[in-house]
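The values are calculated or read from the model by the stated rules, or taken from the named source; none is laboratory data. These figures come from a predicted structure and were not determined experimentally. Cβ placement follows ideal geometry from the backbone for every residue including glycine, while neighbour counts extend to all protein chains displayed. We work out accessible area using only protein heavy atoms, side chains counted, and drop any ligands, DNA or RNA first. Shrake-Rupley method; radii C 1.70, N 1.55, O 1.52, S 1.80 Å.
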Amino acid sequence: MVENGIGASLRRKEDNRFLTGKGNYTDDINRPGQTYAYLLRSPHAHANINSMDISAAKSAAGVVAVFVGQDLVADAVGGLVCGASVTGKGGEVNKTPPRNVLTMDKVRFVGDPIAVVIAETLAQAKDGAELIAVDYGELPSVVSTSAADKPGAPQLHEECPDNVALDWELGDKAAVDAAFAAAAKTASVDLINNRMVTNPMEPRAAVGEYNSGTDEITLYMTSQNPHVHRLVMSAFMNIAPEHKFRVVAPDVGGGFGSKIFTYNEEAICAWAAKKINRPVKWTADRSEAFLSDAHGRDHVTKAEMAMDADGKFLAMRVSSHANMGAYLQLFSVSIPTLFHGFLLAGQYTTPAIYLESRSVMTNTAPVDAARGAGRPEATYLLERLVDVSALEMGLDPAEIRRRNFIKADQMPYQTPVVQCYDSGDYDASLDKALANADYDGFAARRDEAKGRGKLRGIGLSAYIEACGVAPSAAVGSLGVGVGLWESAQVRFNPTGGVTVFTGTHSHGQGHETAFAQLVTERLGVPVENVEVVHGDTDKGQFGMGTYGSRSLPVGGVAIANACDKIIAKGKKIAAHSLEAAEDDIDFAEGNFTVAGTDKTMNIAEVAFTAYVPHNYPEGVEPGLDEIAFFDPLNFSFPAGAHVCEIEIDPATGTLEIVNYTAVDDFGVLVNPMIVEGQVHGGLAHGIGQALLEGCVYDEDSGQLTTGSFQDYCMPRADNLPSFNVDYAPTVPIHNPLGVKGCGEAGAIAAPPAVINAIVNALGIKHLDMPATSEKVWRAAQAAG
């Protein structure tokens, strides 16, 4: 094994600058002559804008400009883009209501932006915004997912009758109904997948700057995919031609999906910078983030399972409503349909599955991809339903899973919901998880806890996800408007150092370390001599960005392919220098060697020769700099089994997670320490949803009642145990590196594991998330 290559738990190279305060985030960027933007937002959930007077604001102290929606329309700036085109029942494609950058006619959620004030200071911009007089005509609102399409519900858009953006189905309904009619036993559960605010550590921010000499716009922003942001704002919003538009995403402090999308504020900063010929800066405060960031989850679902007399799954039937908020964001309706429905088979051999999913519009912030994006919702309903099925059958939750698992020798396995899994050994993951959690010893621990007046519970979760979001042909056939390949450039410097340019983006995942280790493994270059560059559309390779755990399974393979091109060219150069045939040159651990001899040439020497080609093979270009693209043939399918053990004080509802065991199949681990950190973060995210986090709108006024950290509870260190993390890897067929993706697994697996443990402790059928202390206490009292 190459030192510090694949498999080494190398400390993250980027952490030095983060830990010493040398990180460079968007809000750290200030440009000469900079102004500040403040957005005036609707205080109403639903209202007509009868009139708006900006004259007093325009003459206020320090105000440089005030713009409203008509100003952008006059400059032919397009609206915000929905990238989903999903075909539903009757062949009808989802309805996509238009959304202007600044709303002009009717506001549809609290926080909908209607004007921007640009001033010399942020305080002056805020003062100016207070002088804008708006006459609103308030309208009734609807915020409830289950009430949005009911008769008489307030209508948000003419384009969406009954507030339905998409009515979608998947599977063979007749076969499922027949299986239920013939079933020996059935089980059902009604559940809510609670709305979440993603809350990355760094709020969204943008700085727009215009160079009048070159007619170029530079936009610094918090982005997970800067090239995509540039493409959308150029091709669809007409802010600037792509070759005159640079997007820079510097250090980004977390994303979790919320920084994939193109938002109003970023477009405004880019457009307004040219309009006033001065830089324009905007940074969200936390209250703005709660109001305006895309939220996640928010499904209301009924799930049913049909079984034979032995507990073998015969069919599953799911009916779900998914809240899209007031407008469709980038992925929007594809999350509760394609990303969700295609994973409903889980790890099981259920032969027939039918899903009905309605995507509904409400007077709330838009809902889109959040860590896991449809996969957590699918796993939650399935794994809760499996436990309810076990209860119905009188089987141990582990046993009913074993009876229904897809077996390792059945791989590749075609599910009834489109996906074909290429690898996995689900029995091995569960067996290791149960052993690591001492599942057999739980009864004794439960009895001991009972003696102390506590209720002990244990819960399982067997999850699978499709990640490494690609392949272009597959996603294109499903209505996604872009290709989802990835690219990379690997460039040797004359002195032997390597610069890697990647189209992915790191916002906490450790790419600068993991990608460097990959290059070290492939090329034998010391890891400290490898620099990874990302986030700048003028520097890096065009790429589709980071989301869906795609960076290593897709972007990493592109890097590896570029390295292979480097090696192939290096063999030609080394063969010439070593006076040997190219076919006789071997390459290993950074050295080109003539087979069967001690004649060797280090790759750094080859690089120098490539840039100083005095003695050089004929027909070979100088330089050592290669580009590669990768578009996989299939998704990758991480999977695993998690076991959560909890203890409840029934007198107070206080809950403690006393043990959490995770056994995951991520394939090859490039940096096990980084992987474990990603698992820990995902588990905190998932446990937060299960126990604490819940985004709530008032059903009468449409106001966001959980609009700050005083009202929206995030997980803290004392809510979490020390995690017991282990692996049961299998080798994916379609990934040349053998990797699968790891960043979302914890957020997918944890919620059902936690809730299964709680209902096990309480002896009840179901409890909706978040299982707060009050909710647990009430359930404990009701259960006696």
Not counting ligands, DNA or RNA, and with a 1.4 Å probe, what is ILE239's accessible surface area in Å² rounded to the nearest 10? 20
Round to a whole angstrom and tell me the spacing of the C-alpha centers of region 392-421 and region 483-522. 38
Go through ASP538, ASP368, ASP586 and list them by solvent-accessible area, largest first, probe radius 1.4 Å. ASP538, ASP586, ASP368
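Loop-only check: which GluC sites (Glu not before Pro) in region 116-178 are DSSP coil with at most 14 other Cβ within 10 angstrom?
Sparse-neighbourhood loop GluC sites (Glu not before Pro): GLU158, GLU159.
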Rg/Rh for region 298-397 to two decimals, with Rh computed the Kirkwood way over all alpha-carbon pairs. 1.04
THR214 paired with ASP172, simple spin-label distance in nm, labels 7 Å along Cα-to-beta-carbon: 6.0
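Compute the normalised compactness of region 633-695: alpha-carbon radius of gyration over 2.2 N^0.38 Å, N being the residue count. Could the numbers behind the result be given before it?
Values: Rg = 15.2 Å, N = 63, 2.2 N^0.38 = 10.6 Å.
Here the Cα radius of gyration is 1.43 times the empirical estimate.
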Expected vector for region 651-664, Karplus 3J(HN,Hα) from phi with 6.51, -1.76, 1.60 and θ = phi - 60°, integer Hz, x for Gly and Pro, equals 6, 10, x, 5, 10, 10, 7, 8, 7, 9, 10, 10, 10, 10
Is the shape of region 19-95 rounded, prolate or oblate, going by the alpha carbon gyration tensor and its root eigenvalues a ≥ b ≥ c, with a/c under 1.5 for rounded and a/b larger than b/c for prolate? oblate
Once you have the alpha carbon radius of gyration of region 189-328, what is it after dividing by 2.2 N^0.38 Å, with N set to its residue count? 1.45
Please report, as a whole percent, how much of the solvent-accessible surface of the chain comes from carbon and sulfur atoms (probe radius 1.4 Å). 51
Note: ALA235 to ALA595 extended length (0.36 nm per residue) minus current alpha-carbon separation gives 124.3 nm
Along the Cα-to-C-beta direction of PHE542, a point sits 7 Å from the Cα; which residues of region 621-656 have their amide N less than 17 Å from that point? 627-631
From the P(r) of region 485-630, can you give the percent of Cα pairs sitting at distances over 21 Å? 41
Taking the highest mean first, how do the peptides 203-209, 59-65 order by number of other beta carbon atoms within 10 angstrom per residue? 203-209, 59-65
Probe 1.4 Å, all protein chains in place: accessible area of TYR36 in Å², nearest 10? 70
Could you work out how far the C-alpha centroid of region 632-687 sits from that of region 189-234, in angstrom? 28
Which value, to two decimals, describes the C-alpha radius of gyration of the chain once divided by 2.2 N^0.38 Å? 0.99
Given R₀ = 22 Å, FRET efficiency for ALA123-SER708 by Cβ-Cβ distance, to 0.05? 0.60
Using the heavy atoms of the protein chains alone and a 1.4 angstrom probe, what is the accessible area of the chain per residue in square angstrom? 35
Sequence order, region 385-398: Karplus ³J(HN,Hα) from phi using 6.51 cos²θ - 1.76 cosθ + 1.60, θ = phi - 60°, Hz rounded, Gly and Pro as x, gives 5, 4, 5, 5, 5, 4, 4, 5, 8, x, 10, 5, x, 5
Amide H within-cut-off set for THR654, under 5 Å, with H built and near neighbours excluded: ASP649
Order THR349, THR283, most accessible first, counting only protein heavy atoms with a 1.4 angstrom probe. THR283, THR349
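Once you list every other residue whose beta carbon is under 12 Å from the beta carbon of VAL527, what net charge do they have if Lys and Arg are +1 and Asp and Glu are -1?
Numbers: positive: ARG11, ARG12, LYS13, ARG522; negative: GLU3, GLU512, GLU521, GLU528, GLU531.
Charge balance in the 12 Å sphere: -1.
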Projected label distance in nm at ASN30 and LYS185, using a 7 Å step from Cα toward the beta-carbon: 6.7
Protein-only accessible surface order, largest first, of ASP71, ASP422 at 1.4 Å: ASP71, ASP422
When Lys and Arg each count +1 and Asp and Glu each count -1, what net charge do the other residues less than 9 Å away from ASP215, Cβ to Cβ, add up to? +1
Counting only residues 5 or more places away or on other chains, whose amide H sits under 5 Å from the amide H of GLY694 once H atoms are built in the peptide plane? CYS713
So, taking all protein chains as they sit and a 1.4 Å probe, how much accessible area belongs to TRP282, in Å² rounded to tens? 10
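Rounded to the nearest 0.05, what FRET efficiency do GLU399 and ASP438 have when you use their Cβ-Cβ distance and R0 = 22 Å?
With R0 = 22 Å, the Cβ-Cβ based efficiency is 0.80.
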Can you tell me how much longer the chain between SER146 and ASP105 gets when fully stretched, taken as 0.36 nm per residue apart minus their C-alpha distance, in nm with one decimal? 12.1 nm
Give, in nm to one decimal, the length gained when the segment between LYS407 and ILE276 is fully stretched (0.36 nm per residue of separation minus the Cα-Cα distance). 40.8 nm
